[in-house]
Structure formats: structure tokens, C-alpha cells
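Novice: Before anything else, here's the structure in question.
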Amino acid sequence: MDIKIKRIHFIGIGGIGISALAKFLRAQGVEISGSDIAEGCVTKELRAMGINVAIPHSKEAICGQDLVIHSAIIKEDNVEVQEAKRQNIPVLSRKESLKMILGNKEVFAVAGAHGKSTTTAILSAILKDASALIGAESKEFHSNTRAISGNRVVFEADESDKSFLECNPTCAIVTNAEPEHMETYGHDLAQFHRAYEQFLRLAKICIINAEDSFLSTLGDLGNLCVRFYPSKDLRKIRYLVENGIPKTHFELVNNGKDYGEFNVYGLGEHIAIDAALAILAAAQILPLNEIRKNIQDYCGIKKRFDILTSGKCVIIDDYAHHPTEIAATLKAVKKYQDLTDNQKIIVIWQPHKYSRVQDNLEGFVQCFEGVDSLVILPVFSAGESEIAVDFATLFARYNPIFADNVERDGDALRLIKDAQCIERLESGILIGFNAGNLTYALRGGI
């Protein structure tokens, strides 16, 4: 990064991606300030670190900084963007800033439609000398960021705005390339796939799930490419719950090399796949005995099979908001059910974005097969215009319960409809699937 840039202001600093960059640059010695439209847990954390955060946006927050960086949702007419331009301060989007911030770093970049946060967090646990910028909160270091002044960075790369093409990957890891955020690519699958191939070609080393329908078609990428085949490379997978802690045990073999046995926090084949990709990436620079030891420090990430209560009523918060993710997580829930003798599985689904529901409607209809009860909440629109969806007819096979919201009641949940409690859920495995605000209700408003 340009050594002349000593003061940076972040607009929308409460966002998960922007806050990670702010914390990272602060560790590099840059003076950071920021602003957001409202107070939240991230802005409070930043203030506790000594970062000046203005709430709400205000032109007074712009006071001669060397650079202004803003999140994707900030528009040209934002008062701080306008003031920065009036003061002739350069203004960059988060996407535009990545090449400058990561340009001289050794970046281990993780991309994919599903599993990239988990894979990034596992790799961060293994690579102790690396900064970590994750799109979720790691329970290992209780933050979305581990900021170290060194040159190595583990980075969760984002395909939603093509910013993964700007992150200067030394090692590119792709968990899968299932179509998602297609509006960015003009709903053109070929363009979407070309972006992933370009991302992989940018790196000296790439680690790919070679059983993904697109990644399996890739030939020579002009670099060292480690192709991982889950169905044959993962062996002797078994699951256990020790003192309430879920773990997946497996053996890893790749391209004729036996990597040995590993235990990783979490349940499910998808956890083993994410861990294996992280192990294969780390093995490019670390001995296996160190990887095997360090991976034990991974203890999950917030909102990914996040067990909030245990006992008669198990409440789990999960970020899954795509049919593939929901189906994979439900397989893990059923394993957890077998290991803990819980009698029923109750899903509370808060659909995320009308466009996603519409684009994946058949997948959503199918992915809840085998659950004992399905509760459907209103769509969390994320600012989109409403699209009519007949949930009652489409999901009739599940005899769903429709509620307006959920309230935490001790170690139970209350379903609220028209301001009245229509049912109290106090036993079984209650899992909330959401990328919206259901997470706060499941945690009692925290």
C-alpha cells in the first residue's frame, strides 16, 4: 500500500467486510476512522478498539483523511462521499480498494458459493502467523478479523460483486462454483464461470473441489493446481459429540499422498470437505504435524451450526440461506439427532431475498424433506421489492406454520402471529435458517 496513505475513513464501517479491512489496516499502522447509519455490535467493537466512529453519516466526519473507502451499498449522493470529493480526497469502493490493500501481501483467498467462511476460518486456525479477514465471526478470536502486522493474509474472497478478482491471490481455494449472485453477471452462466476461472488463474497455487460440476471441467490453469475429490479422498468419516462439542473425524488422501487423520469442530461431510481444502492449502507451506495440531483451535464461527442451548431444547442458529446449504446442514442436524437422542427436528426458515427464493424455488421446496415441522417467517427482503410467492401452496406437503416472528423464552422459543403467541417450542432440535435478523431473536435480542 502507498506509504503516503496514513489516514483512512470507512463509510459503512459497521459492515462485516468493511470492518475487517479497517481492523486489518489499523494493525498495519494506518489511522482509521469510520461512520455508519446506525449503531451496532461491530461499531461498538471498533470504538472499544479506539477507532473513532460517527453515527450517523455526517460531512463533519470527513476531515482531511488521505483516502475514503465505502461499502457497496453506499451511493454517490452520500453526504460523506460528496464532502470527500469537495476536499479532493480520493474515494474508493471496497472492491476498488482491495488491490491497493492486498497488492503486496501473500494472500490465501477462499471463494465459493457455500462453505467459504468456514474454510477461511479453519485455514486461519491453521496459519497462526497470518492475518485473517473473514465474512463471519470466528469463535477462536471472537471477531471477523485477526490483524497481524506480517505479510501473510487469509482472506474470504467475494464473488457477489466480482471483488475476488481484485484480491491478489497467491493461493486460490474454491469450495464450489454453484451459481449465486447472478445479477452481477447479467444472469449469464458463462460469464460467471469465466470469473471463477480468471480468479484461479491469478494465483500461483490453486486448491479446488474437483467434483464441482464446473470446476471438474477445468483443464490446465497455468499454475500448480491441487484437485481434491471428496468422494475418494475423504475416508473413514465419522461423527461424535464430546461434552456437547460436535466433531467430524476423517482421513485424507490426495493424489496418492496419505495426509493422515484429522479431527475438526462441527458435523457433516461438508465440514470435512471445507477442512480438507484448508489442510491441502496449508500443506503448501506447513508440515502436517503442525496442521494437525493447529486445526484443533478451530471452534466454529458464529451463525454456522451455532449451538445456542443444549439439553431438552437445542436451539441452533445457522446462516444457510440457499437450498444446497440448508440440505447439507440438515444432514448434519440428523447426525446430531442420532448422537444426542433428540426426538424431533423443527426448522424455522426466514427466506432471504425475494430474488433468491424465486431463482431457487424448487430447491427450497425440496430441501426441507425429513424435518418434523417447518415454520416459515416473512421474507427478509434486504431492500428488494416484494414478489408474490404462494408459500402455503408450494410448501403444503410440510403442513407449515406461518409466524410473523420468534421470541426467545429462556431455553425455548415462542412463535408470534398477529402479536399473539401461537405456540411455545420447548423440546427437540430447533434450527433457524437465516441471513437476516432472525439470528437476534434466536439469541434473545443479542
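The values are calculated or read from the model by the stated rules, or taken from the named source; none is laboratory data. Being a predicted model, the structure only gives us computed values, none of them experimental. Glycine also receives a Cβ, built like all others from the backbone with ideal geometry; neighbour counts cover every protein chain displayed. Heavy atoms of the whole protein, side chains included, go into the accessibility calculation; ligands, DNA and RNA do not. Shrake-Rupley method; radii C 1.70, N 1.55, O 1.52, S 1.80 Å.
Novice: When you scan the range 230-272, how many residues do you find that are open to solvent by 30 Å² or more (accessible area, probe 1.4 Å) and either over 21 Å from Ala172 (Cβ atoms) or of a type in the set (A, V, I, L, M, F, W, C) (or both)?
Specialist: The total comes to 21.
Novice: Also, I was wondering about something else. Within the range 99-109, can you find the residues that are touching a Ser or Thr at 6+ places or on another chain (Cβ under 9 Å), surrounded by 24 or more Cβ atoms within 10 Å (Cβ to Cβ) and closer than 20 Å to Ala22 by Cβ?
Specialist: Passing the criteria: Val107, Ala109.
Novice: Within the range 76-118, restricting attention to residues that are hydrophobic (A, V, I, L, M, F, W, C) and part of a loop (DSSP other than H, G, I, E, B), which residue is farthest from Glu137 (Cα to Cα)? Show your work before the answer.
Specialist: Initial filter on the range 76-118 (hydrophobic (A, V, I, L, M, F, W, C)): 79, 81, 84, 89, 91-92, 98, 100-102, 107-111, 113.
From what's left, part of a loop (DSSP other than H, G, I, E, B): 89, 113.
Values: Ile89: 32, Ala113: 18 Å.
Looking at residues that are hydrophobic (A, V, I, L, M, F, W, C) and part of a loop (DSSP other than H, G, I, E, B), I get Ile89.
Novice: Among the strands (runs of 3 or more DSSP E) confined wholly to the range 163-279, which include 2 or more residues that are free of Cβ contacts under 8 Å to residues at least 40 places away in the same chain and more than 24 Å from Val107 (Cβ to Cβ)?
Specialist: Details: elements: 169-174, 205-209, 224-228, 234-242, 245-254, 257-265.
Fully inside the range 163-279 and qualifying: 234-242, 245-254, 257-265.
Novice: Report yes if Glu39 is outside any helix (DSSP H, G or I) and within 21 Å of Glu137 (Cα to Cα), otherwise no.
Specialist: Details: outside any helix (DSSP H, G or I): yes; within 21 Å of Glu137 (Cα to Cα): yes.
Yes.
Per-residue answers, yes or no, for (1) part of a helix (DSSP H, G or I); (2) in contact with a strand residue (DSSP E or B) (Cβ under 8 Å, 6 or more places away or on another chain); (3) free of Cβ contacts under 8 Å to residues at least 24 places away in the same chain:
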| site | (1), (2), (3) |
| --- | --- |
| Ser19 | yes, yes, no |
| Lys23 | yes, yes, no |
| Ile32 | no, yes, no |
| Lys44 | yes, no, yes |
| Arg47 | yes, yes, yes |
| Glu60 | yes, yes, yes |
| Gly64 | no, yes, no |
| Ile69 | no, yes, no |
| Ile74 | no, yes, no |
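Novice: Only one of (1) closer than 17 Å to His352 by Cβ; (2) among the aliphatic types (A, V, I, L, M); (3) open to solvent by less than 30 Å² (accessible area, probe 1.4 Å) is not met by Ala382, so which one is it?
Specialist: (3)
Novice: Would you point out which residue out of Ile387, Ile416, Ile429, Ile422 is part of a loop (DSSP other than H, G, I, E, B) and touching a residue at least 12 places away in the same chain (Cβ under 8 Å)?
Specialist: On the way: Ile416 fails: part of a loop (DSSP other than H, G, I, E, B); Ile429 fails: part of a loop (DSSP other than H, G, I, E, B); Ile422 fails: part of a loop (DSSP other than H, G, I, E, B).
It is Ile387.
Novice: Hey, does the range 126-148 have a residue that's surrounded by fewer than 19 Cβ atoms within 10 Å (Cβ to Cβ), in a strand (DSSP E or B) and over 19 Å from the mean Cα position of the chain (by Cα)?
Specialist: no
Novice: Another question, then. Quick one: which of Val371, Val379 is touching a strand residue (DSSP E or B) at 6+ places or on another chain (Cβ under 6 Å) and β-branched (Val, Ile, Thr)?
Specialist: Going through Val371, Val379 in turn, just one is touching a strand residue (DSSP E or B) at 6+ places or on another chain (Cβ under 6 Å) and β-branched (Val, Ile, Thr): Val371.
Novice: Among the residues of the range 282-294, are any touching a residue at least 24 places away in the same chain (Cβ under 8 Å) and under 15 Å from Ser117 (Cβ atoms)?
Specialist: There is no residue in the range 282-294 that is touching a residue at least 24 places away in the same chain (Cβ under 8 Å) and under 15 Å from Ser117 (Cβ atoms).
Novice: If you go through the range 273-292, how many residues are over 18 Å from Asn176 (Cα atoms) and open to solvent by 10 Å² or more (accessible area, probe 1.4 Å)?
Specialist: Number of matching residues: 9.
Novice: Still on this structure, please answer the following. Inside the range 5-19, can you point out the residues that are crowded, with 17+ Cβ neighbours inside 10 Å and either farther than 16 Å from Ala48 by Cβ or touching a Cys at 6+ places or on another chain (Cβ under 8 Å) (or both)? Step through it out loud before you land on a result.
Specialist: Residues of the range 5-19 that are crowded, with 17+ Cβ neighbours inside 10 Å, as a first pass: 8-19.
Result: Ile8, His9, Phe10, Ile11, Gly12, Gly15, Ile16, Gly17, Ile18.
Novice: Another question, then. Could you tell me which of the residues Ala20, Ala61 is among the small types (Gly, Ala, Ser) and over 28 Å from Gly445 (Cβ atoms)?
Specialist: None of the other options fit; the residue is Ala61.
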